[in-house]
Amino acid sequence: MEGEPRPVGHETGNYEADLATYYNREAAARDARPLTPRRVACRDWFISFLKSEHRHSLLELGCGSGIDGLGFVQAGLHYCGVDLSEESVRLARAKSLEASVASGRSLPFADAAFPAAWTMSTLLHVPNSAIDDVVRELVRVTAPGAPIAVGLWSGDDEEVLNPEDDIEPRRFFSRRSDAAVQEIFGRHGKVEHFETWPEGVGPESGPGAGQWVQHYQFLVLRTPAPPN
């Protein structure tokens, strides 16, 4: 049944393998698709935010083919991206970006390796059973007091397969309410910025093929400051 809940307790490795398969297949088409104006505005705002704090490097979790990464590099920032999809990483590297295949549950970087992080429309693929592990990893590899920018599509606190995916495997989504998102990220630092905007139409629309009521969520998590 389309949109049916994913069984509780499904193997985390399965959802990651399914996502890699899906995005390997879709990588070229997504690389040719321009970012929406709102997404570009978010990135430009975060670039200005980073420069105001004299932060000149960042990690992107879920880098895709490096479209955002190219924008960060063109703005003068040092960039590193990771993604589950080998084909997406190949396309990112073709743009001369530093990118590698990795899971957000086990990032191949030292503690406090980056002064900031960016992850857009990625953590919505992580089930509630694993979300704290992934956010904890992001906090681990970013410096104390670092900003982590996160973008998500909202939902009614349900875990479902995307009804618009017509070829198996379909993508898994954890569709979280505003309250749930702020509670989850608040466990790992301070949510110092949170805003939402309505779903648009056409290229501004989100996943779900019009079957989901949703809006976009954008937040900045500030990682805990170093102990005195």
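Of note:
- Subset of the stretch 25-44 [in a helix (DSSP H, G or I) and either surrounded by 17 or more Cβ atoms within 10 Å (Cβ to Cβ) or among the β-branched types (Val, Ile, Thr) (or both)]: Glu26, Ala27, Asp31, Arg39, Val40, Cys42, Arg43
- Here is the figure for the stretch 201-228: residues that are within 14 Å of Gly151 (Cβ to Cβ) and not polar (S, T, N, Q) total 9.
Residues checked against (1) closer than 17 Å to Thr122 by Cα; (2) without any contact (Cβ under 8 Å) to a residue 12 or more places away in the chain; (3) in contact with a Gly (Cβ under 7 Å, 6 or more places away or on another chain):
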{"residue": "Asn162", "(1), (2), (3)": "yes, no, yes"}
{"residue": "Glu168", "(1), (2), (3)": "no, yes, no"}
{"residue": "Phe172", "(1), (2), (3)": "yes, no, no"}
{"residue": "Arg176", "(1), (2), (3)": "yes, no, yes"}
{"residue": "Ala179", "(1), (2), (3)": "no, yes, no"}
{"residue": "Arg187", "(1), (2), (3)": "no, no, no"}
{"residue": "Trp197", "(1), (2), (3)": "no, no, no"}
{"residue": "Ala209", "(1), (2), (3)": "no, no, no"}
{"residue": "Phe218", "(1), (2), (3)": "yes, no, yes"}
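- Filtered by the rule that a residue be among the hydroxyl-bearing types (Ser, Thr, Tyr) and open to solvent by 40 Å² or more (accessible area, probe 1.4 Å), the stretch 95-125 gives Ser96, Ser106.
- The lone exception for Pro226 - which of (1) touching a residue at least 60 places away in the same chain (Cβ under 8 Å); (2) in a strand (DSSP E or B); (3) open to solvent by 30 Å² or more (accessible area, probe 1.4 Å); (4) more than 22 Å from Ser85 (Cβ to Cβ) it fails: (2)
- Contacts under 9 angstrom Cβ, first residue in the stretch 126-149 being open to solvent by less than 30 Å² (accessible area, probe 1.4 Å), partner basic (Lys, Arg) and assigned to a helix (DSSP H, G or I), 6 or more apart: Ala149/Arg43
- Qualifying positions in the stretch 160-200 - under 18 Å from Asn14 (Cα atoms), touching a Phe, Trp or Tyr at 6+ places or on another chain (Cβ under 9 Å) and open to solvent by less than 40 Å² (accessible area, probe 1.4 Å): Val160, Leu161, Asn162, Asp165, Pro169, Arg170, Arg171, Phe172, Phe173
- On inspection, Leu50 passes the criterion of being open to solvent by less than 10 Å² (accessible area, probe 1.4 Å) and more than 16 Å from the chain's Cα centre (by Cα).
- Residue satisfying condition, being of a type in the set (Ser, Thr, Tyr), over 20 Å from Leu35 (Cα atoms) and within 16 Å of the chain's Cα centre (by Cα), within set Ser154, Ser174: Ser174
- Residue match in the stretch 38-61 (condition: β-branched (Val, Ile, Thr) and touching an Asp or Glu at 6+ places or on another chain (Cβ under 7 Å)): no
The values are calculated or read from the model by the stated rules, or taken from the named source; none is laboratory data. Bear in mind that the values here come from a model prediction, so they are computed numbers and not experimental data. Cβ sites come from the backbone with ideal geometry, for glycine too, and all protein chains shown count toward neighbours. Accessible surface areas use protein heavy atoms only, side chains included; no ligands, DNA or RNA. Shrake-Rupley method; radii C 1.70, N 1.55, O 1.52, S 1.80 Å.
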